[in-house]
Amino acid sequence: MTEPDDRPAFAGTVTAVARVTPHMVRVVIGEVHSLDGQGLDAAQHPDEFFGLWVPGPDALPLKRYYTVRERRPETGELVVDLLLHGHGPATEWAARAAVGDTVLFEAPRGHYAPPADTTRILLCGDATALPAIGRILDERALTGAGGPPVTVVIALDDPTDRQELTVRPGDDVRWCAPGDLVAETRRLSADDPDAYVWFSGEASDMRTVRTTLRRERRIPPHRWMTMGYWRRDSERWIARFEAAGPGLRDAIEEVFSSEADDEEQTDRFEDLLAEKGLL
Ligand SMILES: Cc1cc2nc3c(=O)[nH]c(=O)nc-3n(C[C@H](O)[C@H](O)[C@H](O)COP(=O)(O)OP(=O)(O)OC[C@H]3O[C@@H](n4cnc5c(N)ncnc54)[C@H](O)[C@@H]3O)c2cc1C
């Protein structure tokens, strides 16, 4: 959703469009320039993402989040892979994106940060997580040998959307059906409690994984990162959220402006949603 005080920080132009797999469109953004004077800092996290403004109904721009699949320092270009998932302003824009289109976006930020003593890295998610997982593996390859092995679990609706990933001996890549993603993540993370777990995908799936890691197994937060990348039937959820009244929004704002750490804030946020049947 676009917040009223949101402002794009950068503008760019689409310099290439390609179909990576049947449901994944690759858009290359070049000729990037700052709108507010800030620079496009070097990437801190390989799962970096930004808000991208796309035309919504009535041509009003709406913000949607996308991963920077690749940075091309030699040309200053950024590469974004967008899933064609059905209906929605971003997927519809991706389906018709063309060289010369103007795009507006935020400064990228990310979360991926495995601790130094990690014995294995688990990268789990659905098709929307594939760009971040691909980037994490590509960046690891650039750092040379060393580091823990990686297990990848990716759920796809359509197996023809599988992509070649940059793996090493000792890594393990598993493709599964969307309905198996959560169980597979829970099982693999239980097998290796010292693993760093990175999970991104549908919001309820993410909540189940987060609940397992944080509330049931009490694994310290530096050993995992979970993020909801999209929400099933989001129109219905947003309508129910709005129907819960301004009190819920105020309570959420209070939580996120509190002194509690990020995960405590998220715990309280989840509790508020659960009270309203919105989890
Ligand atoms: C940090 C972050 C990084 C992300 N990176 C990527 C990325 O690199 N590539 C990418 O493709 N997506 C990525 N996403 C997910 C993407 O932002 C969402 O899928 C987004 O909702 C798409 O917007 P839309 O305008 O197409 O659809 P919306 O207007 O948001 O939704 C329209 C309808 O489509 C449904 N819907 C939305 N997304 C999906 C989906 N993936 N599958 C099935 N139904 C869906 C909704 O429930 C709703 O019914 C990322 C999300 C986050 C938070």
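A quick yes/no check of all residues on (1) in contact (Cβ under 8 Å) with a residue 60 or more places away in the chain; (2) buried (at least 21 other Cβ atoms within 10 Å of the Cβ); (3) part of a loop (DSSP other than H, G, I, E, B):
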| site | (1), (2), (3) |
| --- | --- |
| VAL27 | yes, yes, no |
| GLU31 | no, no, no |
| GLN38 | yes, no, yes |
| GLN44 | yes, no, yes |
| TRP53 | no, yes, no |
| TYR65 | yes, no, no |
| LEU78 | yes, yes, no |
| HIS85 | yes, no, yes |
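Just to check your reading of the model, which residue among THR185, THR166 is in contact (Cβ under 8 Å) with a residue 40 or more places away in the chain and surrounded by 14 or more Cβ atoms within 10 Å (Cβ to Cβ)?
Numbers: THR166 fails: in contact (Cβ under 8 Å) with a residue 40 or more places away in the chain.
Among THR185, THR166, only THR185 is in contact (Cβ under 8 Å) with a residue 40 or more places away in the chain and surrounded by 14 or more Cβ atoms within 10 Å (Cβ to Cβ).
Please determine whether any residue of region 106-126 is in a helix (DSSP H, G or I), within 9 Å of the ligand (Cβ to nearest atom) and of a type outside the set (Asp, Glu).
In the first step, residues of region 106-126 are kept if they are in a helix (DSSP H, G or I); the result is none.
No: region 106-126 contains no residue that is in a helix (DSSP H, G or I), within 9 Å of the ligand (Cβ to nearest atom) and of a type outside the set (Asp, Glu).
What is the one condition in (1) in contact with a Lys or Arg (Cβ under 7 Å, 6 or more places away or on another chain); (2) in contact (Cβ under 8 Å) with a residue 40 or more places away in the chain; (3) under 24 Å from LEU52 (Cα atoms) that PRO115 does not satisfy?
(3)
Would it be correct to say that ARG218 is part of a loop (DSSP other than H, G, I, E, B), more than 18 Å from the chain's Cα centre (by Cα) and either modelled with pLDDT of 95 or more or not assigned by TED's automatic domain parsing to the domain that holds GLY147 (or both)?
When the stated conditions are applied, ARG218 passes them.
Return the residues of region 152-172 that are in contact with a helix residue (DSSP H, G or I) (Cβ under 7 Å, 6 or more places away or on another chain) and in a loop (DSSP other than H, G, I, E, B); say none if nothing qualifies.
Answer for region 152-172, where residues must be in contact with a helix residue (DSSP H, G or I) (Cβ under 7 Å, 6 or more places away or on another chain) and in a loop (DSSP other than H, G, I, E, B): LEU156, ASP157, GLN163, LEU165, THR166, VAL167.
The values are calculated or read from the model by the stated rules, or taken from the named source; none is laboratory data. Please read all numbers here as calculations on a predicted model, not as lab measurements. Please note: Cβ atoms are built from the backbone with ideal geometry, for glycine as well, and neighbour counts cover all protein chains shown.
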